[in-house]
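Taking it in order: structure first as structure tokens, then the write-up.
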Amino acid sequence: MNSKKILAPIITAAAAVAALIIIMVAVSGSENGSKVADKETTTASAQTTVSQETESETTTFEEEAGSNPKNKKEAEELEKNAEKRVYLTFDDGPSANTDDVLDVLKKYDIKATFFDIEKEEDGEKKALKRCYDEGHTIAIHTMTHDYDEVYGSLENWKADVLGQQKYLEEVTGIKTHFYRFPGGSSNTIAAKRGTDIEDCIRWLNENGFKYYDWNIDNEDSTGTSFTPDQLADNVLDYMSDEGDYMILLHDTNAKDNTVLSLPKIIETLQGKGFTFCQITDNTKYFQHRKYDEV
Ligand SMILES: [Zn+2]
């Protein structure tokens with residue numbers, strides 16, 4: 001066998017590998033359209049490949065953070081540069097009201113955070129996907145919100161967190177690590193059912209999750225039927241003109257008035273110079289109980 005015959009298959013294989021790399025780079029480029037387009041196109045091909053691999057690694061990390069990668073850097077910049085921050089957080093969605101919530105947020109061009117529950121209706125899944133597509137932060141709440149089930153044991157609780165993380169990933173494609181305890185981290189419900197919140201917090205911290213409570217509650221889940229105006233006042237009356245606030249709201253089929261209360265909250269706070277932010281990895285903690293306190 002002469003050297004040409006030996007080399008021919010090697011060259012063919014090398015060409016195939018090179019072609020594959022080119023195809024992979026092209027595909028990865030098209031998935032990151034806007035970012036890749038920003039890059040210098042005159043860079044040598046080897047460097048381009050390296051920088052695109054870095055790009056896609058970064059994207060993977062960003063996807064795990066919970067918000068749309070296209071918006072995450074922008075969201076972090078906005079949050080970093082703001083002095084008075086407000087985080088609107090909606091629990092218990094998606095629901096028949098989610099689209100209306102999203103329409104309001106879109107109108108004012110602000111982003112929020114959604115701590116969601118597992119819902120099976122196609123319309124609800126579509127609404128959840130829309131939250132993600134429009135750049136809001138997707139976060140874990142619970143699969144069932146059934147306290148007996150969720151807090152029945154530490155193992156139940158872990159399965160609930162991981163199950164909901166998986167559900168959110170199935171619907172949106174994003175693996176989020178942001179979490180809110182059903183009832184908040186200060187709840188006394190868990191202990192009554194045999195689960196120690198200290199164990200939960202330790203597990204969250206050890207497994208890369210970040211949990212957030214709130215420091216303002218619009219009281220839309222207290223059982224009292226507030227008008228939209230009263231719901232807005234339940235928020236605004238408890239805020240000073242300075243500081244950072246994480247506001248608890250609910251996104252369920254019954255919370256029409258919560259949706260209707262949003263314009264007053266948003267307009268009043270924007271008028272006072274507050275910036276509306278979504279949860280990112282840069283967000284400081286709003287926690288009722290911390291690991292070192294439990
Ligand atoms: Zn809830």
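The values are calculated or read from the model by the stated rules, or taken from the named source; none is laboratory data. Computed from a predicted structure; not experimentally measured. In this analysis, Cβ positions are derived from the backbone assuming ideal geometry, glycine residues included, and neighbour counts consider all displayed protein chains. All accessible areas refer to the heavy atoms of the entire protein, side chains included, with ligands and DNA or RNA removed. Shrake-Rupley method; radii C 1.70, N 1.55, O 1.52, S 1.80 Å.
Looking across the range 254-281 at every residue that is surrounded by 13 or more Cβ atoms within 10 Å (Cβ to Cβ) and in a loop (DSSP other than H, G, I, E, B), the one that is farthest from the ligand (Cβ to nearest atom) is identified as Lys272.
Before we move on, is Leu236 touching a helix residue (DSSP H, G or I) at 6+ places or on another chain (Cβ under 6 Å) and either more than 24 Å from Thr144 (Cα to Cα) or modelled with pLDDT of 95 or more (or both)? Here the answer is yes, as Leu236 does meet what is asked.
For residues in the range 239-249 being within 16 Å of the ligand (Cβ to nearest atom) and in contact with a helix residue (DSSP H, G or I) (Cβ under 8 Å, 6 or more places away or on another chain), which is nearest to Leu88 (Cα to Cα)?
Ranking the candidates gives Ile247 first.
Residues of the range 77-94 being open to solvent by 10 Å² or more (accessible area, probe 1.4 Å) and within 16 Å of the ligand (Cβ to nearest atom), which ones? Correct list: Asp92 only.
Filtering Thr227, Thr222 for residues that are closer than 18 Å to Asp251 by Cα, away from the ligand (no atom under 16 Å from the Cβ), in the same structural domain as Ser261 (by TED's automatic domain parsing) and out of contact with any Asp or Glu (no Cβ under 7 Å at 6 or more places or on another chain) leaves a single hit, Thr227.
There is at least one residue in the range 153-171 that is within 18 Å of Glu198 (Cα to Cα), in a helix (DSSP H, G or I) and within 13 Å of the ligand (Cβ to nearest atom). Can you name the residue in the range 142-152 that is within 16 Å of the ligand (Cβ to nearest atom) and open to solvent by less than 40 Å² (accessible area, probe 1.4 Å) and is also farthest from Asp199 (Cα to Cα) among such residues? Ranking the qualifying residues of the range 142-152, first place goes to Thr142.
Any residue at all in the range 216-230 that is part of a loop (DSSP other than H, G, I, E, B), within 20 Å of the chain's Cα centre (by Cα) and within 21 Å of Ile138 (Cβ to Cβ)? No - not one qualifying residue is present in the range 216-230. Taking the numbered list (1) at pLDDT 95 or above; (2) on the phi < 0 side of the Ramachandran plot; (3) under 19 Å from the mean Cα position of the chain (by Cα) in turn, Asp109 passes all entries but (2).
Considering each of Asn205, Asn234 in turn, give the residue that is in contact (Cβ under 8 Å) with a residue 12 or more places away in the chain, in contact with a strand residue (DSSP E or B) (Cβ under 8 Å, 6 or more places away or on another chain) and part of a helix (DSSP H, G or I). Outline the logic, then answer.
On the way: Asn205 fails: in contact with a strand residue (DSSP E or B) (Cβ under 8 Å, 6 or more places away or on another chain).
The conditions single out Asn234.
Going through (1) in contact with a Ser or Thr (Cβ under 8 Å, 6 or more places away or on another chain); (2) away from the ligand (no atom under 16 Å from the Cβ); (3) open to solvent by 40 Å² or more (accessible area, probe 1.4 Å) one by one, Ala191 falls short only on (1).
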